[in-house]
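First up is the structure itself, then whatever we jot down about it.
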Amino acid sequence: PDLNLFDAVVAHVREEAGRHHVLIAAASAGALERLKGVLEDHGLDHIRRIDRFDQLEESRIPAIGVLPLDHGFTSGRVAVLAEADILGERLARPVKRRRRADKFIAEVGALGEGDLVVHDEHGIGRFEDLVTLEIAGAPHDCLKLLYHGGDRLFVPVENLDVLSRYGASDGTVALDRLGGLGWQTRKAKVKERIREIAGELIEIAARRQLRRGEHFDPPPGAYDEFVTRFPYEETEDQAATIDAVLDDLGSGRPMDRLVCGDVGFGKTEVALRAAFIAAMAGNQVALLAPTTLLVRQHFQLFRERFQGLPIRIEQLSRFVTGKAATEIKKGLADGDVDIVIGTHALLGPKVSFKRLGLVIVDEEQHFGVAHKERLKQLRAEVHVLTMTATPIPRTLQMALGGLKELSIIATPPVDRLAVRAFVLPADPVVIREAILREHYRGGQTFYVCPRIEDQAKLAGQLRQLVPEVKLAVANGRMPAKELDEVMAAFYDRKIDVLLSTNIIESGLDIPTANTLIVHRADRFGLSQLYQLRGRIGRGKVRGYAYFTLPPDKKLREVAEKRLQVIQSLDQLGAGFQLASHDLDIRGSGNLLGDEQSGHIKEVGFELYNHLLEEAVAVAKAEAGETGELVAGRHDWTPQITIDAAALIPEPYIEDLDLRLQMYQRLAKLETHEELEAFAAELIDRFGPLPEPTEQLLQLVGIKQLCRQAGVARVEAGPRGIVVAFHEDRFAKPDRLVGYIAERSGRMKVRSDHRLVISEETGSGEERLKRVRKVVGELAALAA
C-alpha cells in the first residue's frame, strides 16, 4: 500500500461516520492491534474496540473489532470496512500448535534399527532392537546393543541419556570391546583437543561480547506500516524468528543469527524487516546472494516493498554495467546507497561502506572459505543475519553447539503441497510424459544437467523427444544480457522448458514451474539436490521431481545414500532434517578452519557436540563468566532398581520408531514441569496412561530428584531401601546427619557409605512412592 493510503482511509472513515455507525473489521487480534495503532498515528483518535456486533450502535465513534471478512459492506445505518479493503487480499492460515525448535532437533536424532550408538562408558555399539526384560522381577523395556565379538549390552529406557547417536557409518567404523580400554583412551584424547578448541571459541566470543553493536529499534508507526505490506499472515515460527531478530538488533551487541527455514517458508520476510529497521536507523545494509539471478529477484522484491520510502536500493552483479557499478561503489563509500544486494563481489577489496550496520547472507553454503573469512572480520563489528534452507554441517554444528543463535522456521506456507520425488534410470518415455503432463496443465519444467558441455547434446535430444514445447538454454557462462533475456522469457511463460545448470538452485521463485528433471543426479551434492527440488511446488500446485541416473552404471555408496535420502524426505519442512543427514554422510568439519577433523569419527557427532558444549561452559567459568553447565547430558546417570513395571506398552504406541522417539525425549527431560508437560502430551496423543507408563514417568521423576540430591544408585525391595551417593559425597553433610538422627530407629549409614532405610512395603507401586518421597527429601536437603 502507498504510504498516503492511511490518510485517505482516515478521511473516508470520518466522512462515513457522519452518516453511519462505522466498523473496521480486522482479520485477527494481532492485525487489529497493528491496524488500530497505524490509524491512530494518522490522526484517527478514539477508535473504540468492540467484541460484539450489537455494541456498534452505542456511539458514533468509529469502532474496530475482529471479524474476518473478504470485503466490507454498507447496510442501513451500518458501514463495515474490511482489512482487505485497506491492505488488499491477505492469505491467512489456521493457527496450528507450534512444534518447538528443540523438539524438532530432538526428532532429527531419532534412533533407527542398525544405527551406530555411543555409550558414555562403553563406546560405539550397534542398536539391534528394543526388547522387554525382567529386571528385579518386573518388566522393563531395554535397548539391545551389539559390541565387538558379539557381546550384548542391555540399556533400560529410563537410562537412555547415557546413549548418543553416532551417525551414519561409512563401513570403516569398528565396534568397541565391552570392558576394553580403547574407548576411554580415545575419549580422553578428543576431550583434550576439544578443550583447546573451546578456549579459542571463548576468546572469539569474548571479543565479540566486549564490542558494542549498533542499537537498532523499529521506528514506531513506520515499521507497522511496512509490516502491513506483507500479504500473508505470519506463521508462528516466522513471527518468533522476527521477534528474535528484533531483540538481537536492539540488544546493543553484534547479532550473529542463523535462520534455518525450508525453501519458500518465509526467510526473506525476516531479512526485509531487519533491513528496514537497520536502514531507517541510518545504517547501510548489504545482502549477499550466491547467484546473479537470485540477486535480481531480491532486488526486485526489495524495491517493491520499499517503494515510497526514502531508502536507496541498488544491486551489484554481472547484470550491472561497469559504469553503473562504479557509481554504486561510490554511493556505498559516500553513504548515499542505503541497501545493496549483490554476489560475493560485495566482499571485494574495492567495495567500502561508510556506515555498514547489517550484513544478510542468503544461502551461505555457496560462499567459499575466503569469502567466509572476510565475513568473519565483519562479524565482530556489524550485525549478521545468515539464512539457509540446508545449513552446511559445520554451521549446523555451531548452531547446535550454542555458538550461533539459531531460529528454525518449520511451518509451511498456506496451501503448500509436498513435492513428489522419484529416483529412476533415465528413460526417454518417462521424460517425455513428465514434460508434456506439466505443459498440458499450464506449467513449466526445469531440466537441470551438471555440466555445461552436455547441454548442447541434451538440447538436441529434447527438441527431438518433445517437439511440442519451447525450450531455452541457460548457464553461468552466457553473457549477462543473454542470460537475463532467457530468464525474463521464462518468468513471462514464453518458454516451456528451461535447460540449465544448477544456477537455478538458489532461491528462484517461479510458481508456474512445477516439474523438475535432473540429469545425472548422482553428480550433485545432497543440499544441491534439495535446493533444486525446492525450485518447484512453490504455489498451490503439486510439484514432481525426477532424479535420473545412467541406466547401466553402478553408483558410489555416497551418491546412492544421497539419492535415498532425497527420495525419503518427502514431507514439508525437511531442510533441517536433511542437514542432519548431510552431517551423517559427509561428517562435520573442524569448527575453526577449513580442514576436516577426524575427532567426530572417534566419538560420534552427538557426543562430540556435547563435549564441546561442556568444554565451552567450563572455559566460560574459568574466564570468570557466569553461566550454567550444559543441561541435557551428564557425566553420570543415577541407577534405580525397583520391582515395578516401567515401559510404554506396544498396544499403547504400536509404531516402534515413534516409541523410541518418545523414550529418547523422556530421557532428556530435566525438570518436573517438563515431565508433566510430556505426560499431558502422551494423554493428548495416545489416550490415558497405562499403569507401566505411569510408573515409568515416576521413575524418570525420581531420576531427576536423584541428580538434585547427588544420589548415584537406589535399590528398593520389600524390606527397605539402599541409597548410594555420587562419589560418596553429599552437598550438605551437616543437614544429612541431622536428617538421619531424627530417624535413627529406621535409618542408618553403613561402613561402605550407603544409606539404609528399613521399611516394609507391599508392592512395586508402593515402593516407587516411598523412594520418591525419600529422594525428594534428600534433594531438598542438598538444595
Could you list, in their original order, any pairs among LYS457/LYS554; LYS330/LYS354; LYS703/LYS773 whose Cα atoms are separated by more than 19 Å? LYS457/LYS554
Calc'd 3J(HN,Hα), the stretch 693-698, phi into Karplus 6.51 cos²θ - 1.76 cosθ + 1.60 (θ = phi - 60°), Hz, glycine/Pro = x, comes to 6, 4, 6, 4, 5, 4
Per the 1/(1 + (r/R0)^6) rule, R0 = 22 Å and r from the Cβ atoms of ALA741 and GLU777, FRET efficiency to 0.05 is 0.95
Among THR693, GLN704, ILE721, pick out the residue whose Cα is farthest towards the positive end of the charge dipole of the stretch 657-756, where Lys and Arg carry +1 and Asp and Glu carry -1 on C-beta, about the Cα centre. ILE721
Can you list the HN-Hα couplings for the stretch 316-329, worked out from phi with the Karplus curve (6.51, -1.76, 1.60; θ = phi - 60°), rounded to whole Hz and with x for Gly and Pro? 10, 7, 5, 6, 9, 5, x, 5, 5, 4, 4, 5, 5, 4
Sort 275-288, 669-682, 711-724, 738-751 by the packing proxy (mean of other Cβ within 10 Å over each peptide's residues), most packed first. 275-288, 711-724, 669-682, 738-751
Where Rh is the Kirkwood radius over Cα pairs, Rg/Rh for the stretch 733-783: 0.98
Once Lys and Arg are counted +1 and Asp and Glu -1 for all other residues with Cβ under 11 Å from that of ILE510, the total becomes +1
FRET E, pair GLU192, LYS330, Förster distance 51 Å, beta-carbon r, rounded to 0.05: 0.45
About the Cα centre, charge dipole magnitude for the stretch 303-351 (Lys/Arg +1, Asp/Glu -1 at Cβ), debye: 180 debye
Can you list residues whose amide H is under 5 Å from THR641's amide H, if they're 5+ apart or on another chain and H is modeled 1.01 Å from N? VAL714, GLU715, ALA716
Per the 1.4 Å probe, what fraction of the accessible area of the stretch 629-783, in percent, lies on carbon and sulfur atoms? 51 percent
When N is the residue count of the stretch 223-331, what does its C-alpha Rg come to as a fraction of 2.2 N^0.38 Å? 1.13
Measuring from label point to label point, each 7 Å out along Cα→Cβ, what is the PHE53 to PHE422 span in nm? 5.1 nm
Calculate, axis by axis, the spread of Cα positions in the stretch 1-68 along the three principal axes, and write the results as whole Å, longest axis first. 33, 28, 18
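The values are calculated or read from the model by the stated rules, or taken from the named source; none is laboratory data. Just so we're clear, the structure is a prediction, and the values are computed from it rather than from any experiment. Note: ideal-geometry Cβ built from the backbone for every residue, glycine included; neighbour counts use all protein chains shown. What goes into the accessible areas is simple: the full protein's heavy atoms, side chains included, and nothing from ligands, DNA or RNA. Shrake-Rupley method; radii C 1.70, N 1.55, O 1.52, S 1.80 Å.
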